[in-house]
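Everything below concerns the one structure shown next.
FYI, it's all coordinate maths here, none of it is from the lab. Remember, it's a predicted structure, so these values are computed and weren't measured experimentally. Cβ sites come from the backbone with ideal geometry, for glycine too, and all protein chains shown count toward neighbours.
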Amino acid sequence: MKLNFCSLSSGSSGNCYYLGNEFHGILIDAGISATSIRKFLKDIGISMQSIMGVLITHNHIDHIRGLEVLTRKNSLPAFTTLTIWESILSPKKKISRDCIREIGLQQKFHLAGFDIEAFPVYHDAPETIGFHICAGDKKITIATDLGHICQTAAPYLKKANLLVIESNYDEQMLENGKYPYYLKARIKSDNGHLGNHQTSVFLADIINDDLRNICLAHLSKNNNTPEKALQTLLQTFSERGINFSGRQRISILNRNIPTEMIRLDD
Ligand SMILES: [Zn+2]
Ligand SMILES: [Zn+2]
């Protein structure tokens with residue numbers, strides 16, 4: 001089975017990820033405008049008609065900015081938990097009833113040829129989830145907003161062949177940066193975001209031959225750079241004596257434009 005993954009946008013300004021097989025595709029989050037989503041999909045050669053639904057991780061604007069228009073204009077079904085729906089829907093945020101799909105935590109469901117399971121993560125929203133998606137023998141896990149990796153989430157991250165994981169901030173840049181104390185504390189907390197060092201240590205703990213693609217996601221605009229995220233990961237691996245087998249690939253996902261398509265069938 002052909003399996004392609006592409007990040008359309010990743011970061012605190014907006015998140016949207018595409019996953020597709022030869023027949024259909026799905027989106028994970030709709031945190032950029034619907035116009036940008038349609039344009040970026042077109043740019044990477046994917047038709048909007050092939051998209052069968054959008055999975056939503058939580059109610060922060062950088063994950064749902066385009067949701068209302070996508071459901072209204074494209075009648076795209078959207079999948080998330082009841083708690084997250086309750087945190088999204090408001091008199092101002094009108095999502096067509098026909099597009100609302102409720103899913104349970106750690107309950108598999110099937111969409112567009114994928115077996116999908118949502119798992120809970122710790123983050124400062126009423127509820128936040130990551131997704132573990134299986135297609136044939138390929139496993140993809142996406143966790144973009146989490147303050148720490150808890151025992152429930154860890155197994156889903158550990159069994160991925162392609163792992164999209166947050167590497168939000170460089171610890172020193174955040175410490176020395178201009179953010180007020182309360183905001184720094186929020187970001188660093190167990191309900192905030194993962195820093196480069198935290199993510200690198202976790203990856204060094206779980207690295208194995210089946211983990212073929214690592215995508216560092218949701219980089220902060222003000223408190224991180226792609227170079228620092230990569231450098232921290234490589235340094236941590238080197239300190240632990242971890243050598244790449246040459247089969248593994250690390251991608252740093254772009255904040256505002258699609259990152260090169262990852263093809264999992266090769
Ligand atoms: Zn976010
Ligand atoms: Zn968030």
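Counting only residues that are touching a helix residue (DSSP H, G or I) at 6+ places or on another chain (Cβ under 7 Å) and either among the hydroxyl-bearing types (S, T, Y) or within 10 Å of N59 (Cβ to Cβ) (or both), region 83-102 holds 3 of them. Taking region 181-266 as the region of interest, the helices (runs of 4 or more DSSP H) fully inside it that hold 3 or more residues being aliphatic (A, V, I, L, M) and closer than 18 Å to I149 by Cβ are 196-206.
Quick check: is even one residue across region 84-92 in a strand (DSSP E or B), within 16 Å of ligand 1 (Cβ to nearest atom), buried (at least 22 other Cβ atoms within 10 Å of the Cβ) and touching a residue at least 24 places away in the same chain (Cβ under 8 Å)? Write out each step before concluding.
As a first pass, look at region 84-92 and keep what is in a strand (DSSP E or B): none.
Among the residues of region 84-92, not one is in a strand (DSSP E or B), within 16 Å of ligand 1 (Cβ to nearest atom), buried (at least 22 other Cβ atoms within 10 Å of the Cβ) and touching a residue at least 24 places away in the same chain (Cβ under 8 Å), which makes the answer no.
Can you confirm whether L146 is in contact (Cβ under 8 Å) with a residue 12 or more places away in the chain, touching a Gly at 6+ places or on another chain (Cβ under 8 Å) and of a type outside the set (S, T, Y)? When the stated conditions are applied, L146 passes them.
Can you tell me how many residues in region 22-66 are more than 16 Å from ligand 2 (Cβ to nearest atom), under 16 Å from the mean Cα position of the chain (by Cα) and not in a helix (DSSP H, G or I)? Spell out the reasoning first.
Within region 22-66, the subset more than 16 Å from ligand 2 (Cβ to nearest atom) is 22-27, 33-54.
If we keep only those that are under 16 Å from the mean Cα position of the chain (by Cα) too, we end up with 25-27, 37, 53-54.
From the residues that got through so far, the ones that are not in a helix (DSSP H, G or I) too are 25-27, 53-54.
Qualifying residue count, region 22-66: 5.
Note on region 121-143: residues that are over 18 Å from M52 (Cα atoms), more than 16 Å from ligand 1 (Cβ to nearest atom) and either of a type in the set (S, T, Y) or free of Cβ contacts under 8 Å to residues at least 40 places away in the same chain (or both) amount to 3.
I'm trying to understand the selection: among the residues of region 151-175, which are part of a loop (DSSP other than H, G, I, E, B), among the hydrophobic types (A, V, I, L, M, F, W, C) and closer than 23 Å to N223 by Cβ?
The first filter runs over region 151-175 and keeps only residues part of a loop (DSSP other than H, G, I, E, B), leaving 151-153, 159-161, 167-168, 170.
From the residues that got through so far, the ones that are among the hydrophobic types (A, V, I, L, M, F, W, C) too are 153, 160.
A153, the sole residue that qualifies.
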